[in-house]
1. Scan A:Gly27, A:Gly47 and give me the residue that is in contact with a Gly (Cβ under 7 Å, 6 or more places away or on another chain), at positive phi and either more than 9 Å from every other protein chain (Cβ to nearest Cβ) or not polar (S, T, N, Q) (or both).
2. Hey, can you tell me all the residues within segment A:190-199 that are closer than 20 Å to A:Leu52 by Cα and surrounded by fewer than 21 Cβ atoms within 10 Å (Cβ to Cβ)?
3. Given A:Leu211, A:Leu251, A:Leu296, which one is within 30 Å of A:Asn44 (Cα to Cα), aliphatic (A, V, I, L, M), in contact with a Pro (Cβ under 9 Å, 6 or more places away or on another chain) and at pLDDT 85 or above?
4. When the residues of segment B:80-99 are filtered to those that are among the charged types (D, E, K, R) and buried (at least 20 other Cβ atoms within 10 Å of the Cβ), which remaining residue is nearest to A:Ile154 (Cα to Cα)?
5. From the list B:Val36, B:Val19, which one is surrounded by 12 or more Cβ atoms within 10 Å (Cβ to Cβ), modelled with pLDDT under 80, part of a helix (DSSP H, G or I) and of a type in the set (Val, Ile, Thr)?
6. Being on the phi < 0 side of the Ramachandran plot and in contact with a helix residue (DSSP H, G or I) (Cβ under 6 Å, 6 or more places away or on another chain) narrows it down to one residue among B:Ala169, B:Ala151, B:Ala190, B:Ala116; which is it?
7. Of everything in segment A:253-268, what is of a type outside the set (Val, Ile, Thr) and under 17 Å from A:Arg280 (Cβ atoms)? Give them in sequence order.
Amino acid sequence: MVALKVENLVKDFKRSITLRKVRVVDGLNLEIRQGETFGFLGPNGAGKTTTLKLINGLLHPTSGSIRIFGQDHRNVAVKGRVGFLPENPYFYDYLTAEEFLDFYAQLFGIRRADRRVRVRRLLERVGLAARAAEPLRKFSKGMTQRLGMAQALINEPELVILDEPMSGLDPIGRRDVRNIIVELKREGRTVFFSSHLIPDVEMICDRVGILVSGRLSEQADLHQRLEMTSPASDLRVSGISEETFERLDALSIRTVVRGPEILAEVPGDGSVEKLIDLVRADGGRIISIVPKRESLESIFLREAAPECTESSELEVDRF
Amino acid sequence: MKVQAIAVNTFREAVRDKVLYSLLFFAIALIGASVVLNRLAIGQQTKIITDLGLASISIFGTLIAAFVGIGLVSKEIERRTIFTIVSKPVSRGCFILGKYLGLVLTLAVEVAIMSACFLTMLAIYADDLVIPALWAIGLIFMELSVVTAVAIFFSSFSTAFLSGLFTMAVWLIGHFTPDLRVFGERSGTAMRWLTEFLYYALPNLRNFNIKEQVVHGIPVAAEFMALSVVYGLVYVSVLLVVATLVFERRDFV
């Protein structure tokens, strides 16, 4: 079942002085399946935040449709099934963490007794239980981000939308947020998050979409995509004859000789098996075989790099 | 429940704002100062206490309505706290109404504190004026409710600074709308149309001013009071509906 479906989404902004129209989202099509974790990548100014704001009703689309669980995204009942964490969130700093979450719980019409239980449980989940009575003005960026995660989960949402949830966090904070996302997936929730921290996306996502200049240039199953694009392997051997080395060199993408060891990058066209047989027949020793996968970063750079220079022009105000 | 949650949160924000306390402090200090002035003006004692007391409640109430009011909506947008509210199952109209009611609640508490000081003094120096003064305070509160709606309306599409400026301008002109009409009648056609339009579009705040009558002991007709309240409620409702329509169309970039 589809959790979120975006069709032909367009968003234009007018520059404040020249009134020139700038297209930030340009005919975007996107489909997020229920229960999956979807990473939304793209260079700065590609329109990621604008897309998430359109989905959450903060911006009105110029054209196109957004449907959440089959219904229009502006439907109040549908909003009750969604949790949203905006980028660099700023919250009411005069409230304590407990008052803050209680306020958001009230916006979902949750009863007082349930609110108390949920607030306590969520504060524990994001590691802020000990700071429950402290005003938010005393919170660090990392703590604010974690509290932001808690407010996005206060309604136990089926679809969680997070805009750069790991930005500005230290490695421990990033790990904590990653763990929460993994837990959400385990609970059967759909997670859709934008990020420019590619290793984090690679680690926890089922599928990724790469947004470039307001259009999705890539939407694929992450692991299949990585396997499909990079079947090469690194082979380390030693104790082979000159003749075997020449054949190994001919079958490899490149070879490096380091003392008694030879390191060969072998293409994934069945050459590895041939070379293993060859080395064994020659009485050589196979030290290691490491299958290489193309990294998400290299896919991202290939998709987004040509557009990166143009995209800087699109950075109008706070898109 | 959602409107109530936003209203209570707005009230909480206002009462945790130091500006409110500074304004309240000055208002009470001015009401207290009327006792000193009272001793200087022989024969005019009750007039000074009543005049200064009602004026303090009105002026400081307006300042709170305008400056705390515009801040409360504009700040939500400037600080981007609105992002997490609008993405929740809360309509924009619900947000505007909650903000408005929270601010009216703040004003009610603030007017109640100032009135308690003022009425205590009035009870000491002229207890017969306490009841008429209460009616005057009631209408001042209605005026403040209208000014708050004006502030919310402007801040639904403008910056905090401009909203404050516009609100104070409306408050000022609102006290002279009948004069505006008289001025138009003596001018050319175009000017007459303009003044006629402003007369009907801007709130006639004189409808809420019975200070003179209270000071001079002139009775005020119950019909006038009732009509003023109905006028205020209709004006507030129209402004909130228009503010909601404007807010509905707004993009939060």
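The values are calculated or read from the model by the stated rules, or taken from the named source; none is laboratory data. Just so it is clear, the structure is predicted and the values come from calculations on it, not from any experiment. Reconstructed Cβ throughout: ideal geometry from the backbone, glycine too, with neighbour counts over all protein chains shown. Ligands, DNA and RNA are excluded from the accessible area calculation, which covers all protein heavy atoms including side chains. Shrake-Rupley method; radii C 1.70, N 1.55, O 1.52, S 1.80 Å.
1. Matching residue, one of A:Gly27, A:Gly47: A:Gly47.
2. Quick first cut of segment A:190-199, residues closer than 20 Å to A:Leu52 by Cα only: A:190-198.
Answer for segment A:190-199, where residues must be closer than 20 Å to A:Leu52 by Cα and surrounded by fewer than 21 Cβ atoms within 10 Å (Cβ to Cβ): A:His196, A:Leu197, A:Ile198.
3. A:Leu211
4. B:Lys88
5. Exactly one residue qualifies, and that residue is B:Val19.
6. Working: B:Ala169 fails: in contact with a helix residue (DSSP H, G or I) (Cβ under 6 Å, 6 or more places away or on another chain); B:Ala190 fails: in contact with a helix residue (DSSP H, G or I) (Cβ under 6 Å, 6 or more places away or on another chain); B:Ala116 fails: in contact with a helix residue (DSSP H, G or I) (Cβ under 6 Å, 6 or more places away or on another chain).
Going through B:Ala169, B:Ala151, B:Ala190, B:Ala116 in turn, just one is on the phi < 0 side of the Ramachandran plot and in contact with a helix residue (DSSP H, G or I) (Cβ under 6 Å, 6 or more places away or on another chain): B:Ala151.
7. Going through segment A:253-268, the residues of a type outside the set (Val, Ile, Thr) turn out to be A:254, A:258-261, A:263-265, A:267-268.
Residues satisfying the conditions are A:Glu261, A:Ala264.
Here is a yes/no grid of residues against (1) of a type in the set (Phe, Trp, Tyr); (2) touching a residue at least 60 places away in the same chain (Cβ under 8 Å); (3) open to solvent by 40 Å² or more (accessible area, probe 1.4 Å):
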| residue | (1), (2), (3) |
| --- | --- |
| A:Val76 | no, no, yes |
| A:Lys79 | no, no, no |
| A:Glu87 | no, yes, yes |
| A:Thr96 | no, no, no |
| A:Ile110 | no, no, no |
| A:Arg118 | no, no, yes |
| A:Ser167 | no, yes, no |
| A:Arg174 | no, no, yes |
| A:Val177 | no, no, no |
